[in-house]
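Notes follow once the structure below has been shown.
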Amino acid sequence: MIPPTSAAIAQQAVPTTAEVLSASTAEANLKNAAITAEVSSTVQKGAETLATETAGAEKPAAAEDANIPKDIAGTYTGDDEKLITALISQFSAAEPLTEEVKVLISDAVATGTRDMKEIYKIAASKAAPKYDMSKRYFNYKRLNVLLAGILLFLFINYYTYSARKGKDMFIRKIGGLAAIDEAVGRATEMGKPVLFIPGIYDMDDIQTIAGVSILGHVAKKTAEYETPLLVPCTRSLVMSTAQEVVKESYLKTGRIDSFRPENIRYLTDDQFGYVAGVDGIMMREKPAANFYLGVFFAESLILAETGHHVGAIQIAGTAMVHQIPFFVAACDYTLIGEELFAASAYLSREPMQMGALKGQDVAKFLIIIVIVLGIIMETAGYHIFANWFATN
Amino acid sequence: MKSFFTMINNLDRRIIFLAVVLAVIIPIVKPLDLPVKITPNTQNVFNEINSLKEGDRILISFDYDPASGPELQPMAKAVVRHCFRKNLKVIAVALWPQGPMMAKNAFEDLTSEVEFKHKTYGRDFVNLGVKPSFVATVKGLGESFESVFPSDFNGKAFNELEIMKGVKTYKDISLIFSLTTGSAGISTYVSIANAQYGSKVTGGCTAISSLEYYPFLQSKQLLGLVEGLKGASEYEKLVGKPALATAGMDVQAVVHMLLIGFILLANITHLVVGKK
Amino acid sequence: MNKLVFFNTFLVVFFIVAFILIVTLGKALRSSMFLRRKLPLFVCFMMGLIMICQFFIPSENPLYKNIDDFSTKWIQIITSFSLVIGLVSLVTINLSKFSRGAEDWQYSIVLLIGFFISSFIGLREGLEGPNFSFIFNYMYTPMQSTMFSILAFFVASAAFRAFRARTREATMLLIAAVVVMLGRVELGSILWSYIPVIGSIKWLDVSFVSQWINDVFTTAGQRAILLGASLGYIAASFKILLGIEKSYLGSEE
């Protein structure tokens, strides 16, 4: 049995095992010089002088434990070829070896190392994937990701099930979302429209989907109060989806006659062309409430400042970390990061949405515990915990 | 006194805009020649490119549009200048549709200089252009450059390009340098080219998005980062050719001081006039 | 040159045919619930499942490469088609605005003229052509740069308006903003050196302090937001894959 990779060797070795093993034999030969140099730098040469052959070293013997076989000990003074053949047959008895690993064994021997333990360790560490991965269907090094994904999935399912059963789930007050009613009410009182911008990305982005789902809620309010709702879009797919979502909201409120599809328009795909267009709409229509919910880049401050100039109450929400400060500085309310994703659960109170949100929160709590544990372990010098979380 | 601060509190923003205009124009007309201090992140990028040998291939990804041109184009030119001086083979790709034109402009500007007149397209540098879907492009380059870019930006076949001979995947590229302004770029190369193929990645970005890449710098997935106009001016100093970025830093310095002045004035006003 | 003309002619004919197909198929799509609901959900689920499985397959396994090639090619094809859809939408919507005499129809005219002229020149000359380069370098680039530059003015007015020490958090934000702005320019270091006591301590230079704020506080905050947003992304992705979140398909009407 080829021993597990020792942490020290694995951390020292560059290039990675995957790189070396995936190289063809011809390329592996070209890499011999580099590998040989590394091997010689990491290997402590075994016995310096030639010792007498031992019977055990010549004959391949079965390993008694998972680590280095006991009879691979001392040094070997015989022919290189015999040694390589003996080693290969020794290793092959445990696991099938690829051609590359055989080359690696030859390389290790070629460095002049005669300490069998060292040769075995080097070859084993280079053959870190214990199996011939080309025939495997599961990369065990990504087990950590699979476990994390399954855990999150279970949490979400459990809490969704609980929510469906009628269990009450608490969501803390999110200022920006609680202010939606206030903002729409203000627009109605002033007789001015509401402006909603669902970001500048297409429907394939989760933030845009979150923004459009909030649009449905805002549209219900504007339908109730008969306030005009303007939704300039930067993607045609977003425009069609927005039209259908708003229309559905107006239908559910029984105000389909107030629905104006021409208010939900497509401007342009170009980022700054879109911003110029929206600024123009703001200066002409003078909306009393502006919603910026989705993906934004450099245009965030341009929109927010223009909105402030026309006197609108502004509610923004994005997960773009470098635009959040601009929104925080320029808008009245800002939904930061996942508060945007929590919005649809917060507004609709649907069991599915609430369960997903609760599941995420539990996962976050677990992550906090893991981070604290990781800090303690790393400070104490135990890397195994942090290493387990690395994605290979 | 209070009426003065009340007036300041209600200052028309056009006066602020006018002040910014003056703060921009004056340092251009009368340069301040401020010194440029090199930061470690920029130095790391310089060192990485400097460590390459003559004939090594560097992949420069032009992942920005003309809107970010004032910040990133001087950076691009400084880096390409460094590569040309080291006689590296420069392969330009783009993840943004406008990227190839930015690359074309950078190469044209440099090859018009006497120092680089001998640089030949197809032998010393090439512009492969852009393909749809940046994730698919970056992933595809890890498997086969030729399948992603069967021809260059001008339509010349891959196997007719001397510079691309022997270039199959990232393994044949010594370093990647991505000039990024938005979502596609550095993070894509780090998460795919570095994480999955082990390539060395460096980058340059606008100042606003530089903080997004600090976690990659700290985990050594990104080997260096040229940050914004300041980074570009540092790189120009390192290559010994101060240009547009260095001139722009004078403007940035004055505007920063103006902004700080406004902030202080606003806070004094807030104290005197009271909470509003 | 003949090949270029032939290819460009083919592109124009292709776009016209694609436009007609989209208009006619659109009517069929609207009336079929299978095409509008069940098929997209099934495709979404299957492709999501395949891509998740691919993540856990070792890269040495040929199946990994097969899935990779397959998905990469299809993503590129579909993205190319979505570009076509975007172009067709742009033209039809603006033509419709012009023909109906809708509000701001004049801007539609400008857009359409610019679109057709630059497309025509680009297709005719290629992207290296002198006229296309002229449009790009002397019209498109300055307009884009100008719009981005407007940010400088808005940052100034936002800073004047918003960076006031109203609360403890606002004060901390204000101090951090001032320190970082000073640290990003050399003039800041020069001015900082005049501050008594602090200015003379080398390791307290404003550029180091500014970098420290970025390295420690800002990066920590960004990581936290990123962690939370990523969990939100994962949960939303689960819902989309399982067909729970269907808003991207539009309404059922």
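Could you check the stretch A:298-313 and list, in sequence order, the residues that are open to solvent by 10 Å² or more (accessible area, probe 1.4 Å), at the interface with chain C (Cβ under 8 Å from one of its Cβ atoms) and in a helix (DSSP H, G or I)?
The one that is open to solvent by 10 Å² or more (accessible area, probe 1.4 Å), at the interface with chain C (Cβ under 8 Å from one of its Cβ atoms) and in a helix (DSSP H, G or I): A:His308.
Can you find even one residue in the stretch C:119-137 that is within 14 Å of chain A (Cβ to nearest Cβ), assigned to a helix (DSSP H, G or I), crowded, with 18+ Cβ neighbours inside 10 Å and at pLDDT 90 or above?
Yes: one or more hits.
Pick from the stretch C:229-243 the residues that are among the small types (Gly, Ala, Ser) and open to solvent by 10 Å² or more (accessible area, probe 1.4 Å): which of them is nearest to the other protein chains (Cβ to nearest Cβ)?
Taking the candidates together, the pick is C:Ala236.
What residue, of C:Ile20, C:Ile78, C:Ile85, C:Ile50, is surrounded by 14 or more Cβ atoms within 10 Å (Cβ to Cβ) and of a type in the set (A, V, I, L, M)?
Of the residues listed, the single one that is surrounded by 14 or more Cβ atoms within 10 Å (Cβ to Cβ) and of a type in the set (A, V, I, L, M) is C:Ile85.
Look at the stretch A:349-368 and say how many of its residues are in contact with a helix residue (DSSP H, G or I) (Cβ under 7 Å, 6 or more places away or on another chain) and in contact (Cβ under 8 Å) with a residue 60 or more places away in the chain.
Adding up the residues that qualify gives 11.
Determine whether C:Glu103 is part of a loop (DSSP other than H, G, I, E, B) and surrounded by 17 or more Cβ atoms within 10 Å (Cβ to Cβ).
Here the answer is no, as C:Glu103 does not meet what is asked.
Taking the condition within 14 Å of another protein chain (Cβ to nearest Cβ) and closer than 30 Å to B:Lys168 by Cβ, does B:Gly55 pass?
no
For the stretch C:30-44, name all the residues that are open to solvent by less than 80 Å² (accessible area, probe 1.4 Å) and in a helix (DSSP H, G or I).
C:Leu35, C:Arg36, C:Arg37, C:Leu39, C:Pro40, C:Leu41, C:Val43, C:Cys44, listed by residue number.
Going through the stretch B:217-276 one residue at a time, which ones are open to solvent by less than 10 Å² (accessible area, probe 1.4 Å), over 16 Å from B:Glu71 (Cα atoms) and more than 10 Å from every other protein chain (Cβ to nearest Cβ)?
B:Leu222, B:Gly224
Applying the selection to the stretch C:58-75, what residues are open to solvent by less than 30 Å² (accessible area, probe 1.4 Å) and either closer than 20 Å to C:Val12 by Cα or within 7 Å of another protein chain (Cβ to nearest Cβ) (or both)?
Once the filter is applied, which keeps residues that are open to solvent by less than 30 Å² (accessible area, probe 1.4 Å) and either closer than 20 Å to C:Val12 by Cα or within 7 Å of another protein chain (Cβ to nearest Cβ) (or both), the stretch C:58-75 yields C:Pro58, C:Asn61, C:Asp68, C:Thr72.
Taking the residues in the stretch B:24-40 that are touching a residue at least 12 places away in the same chain (Cβ under 8 Å) and either more than 9 Å from chain C (Cβ to nearest Cβ) or of a type in the set (Phe, Trp, Tyr) (or both) as candidates, determine which candidate is least open to solvent (accessible area, probe 1.4 Å).
Looking at residues that are touching a residue at least 12 places away in the same chain (Cβ under 8 Å) and either more than 9 Å from chain C (Cβ to nearest Cβ) or of a type in the set (Phe, Trp, Tyr) (or both), I get B:Pro27.
Can you work out which of the residues in the stretch C:107-118 that are open to solvent by less than 40 Å² (accessible area, probe 1.4 Å) and either modelled with pLDDT of 90 or more or over 30 Å from A:Gly280 (Cα atoms) (or both) is nearest to the other protein chains (Cβ to nearest Cβ)?
The extreme case among them is C:Gly114.
Which of the residues that make up the stretch B:93-130 are farther than 23 Å from C:Ser145 by Cβ and open to solvent by 60 Å² or more (accessible area, probe 1.4 Å)?
Residues satisfying the conditions are B:Val114, B:Glu115, B:Lys117, B:His118, B:Tyr121, B:Arg123.
Specify the residue that is farthest from the chain's Cα centre (by Cα); the eligible residues are those in the stretch A:180-200 that are closer than 19 Å to A:Asp279 by Cβ and either open to solvent by 10 Å² or more (accessible area, probe 1.4 Å) or facing chain C (nearest Cβ under 10 Å) (or both).
Ranking the qualifying residues of the stretch A:180-200, first place goes to A:Lys192.
The values are calculated or read from the model by the stated rules, or taken from the named source; none is laboratory data. Keep in mind that this is a model prediction, so the values were computed, not measured. Heads up, the Cβs are rebuilt from the backbone with ideal geometry, glycines too, and the neighbour counts pull from every protein chain shown. Only protein heavy atoms, including side chains, enter the accessible area calculation; ligands, DNA and RNA are left aside. Shrake-Rupley method; radii C 1.70, N 1.55, O 1.52, S 1.80 Å.
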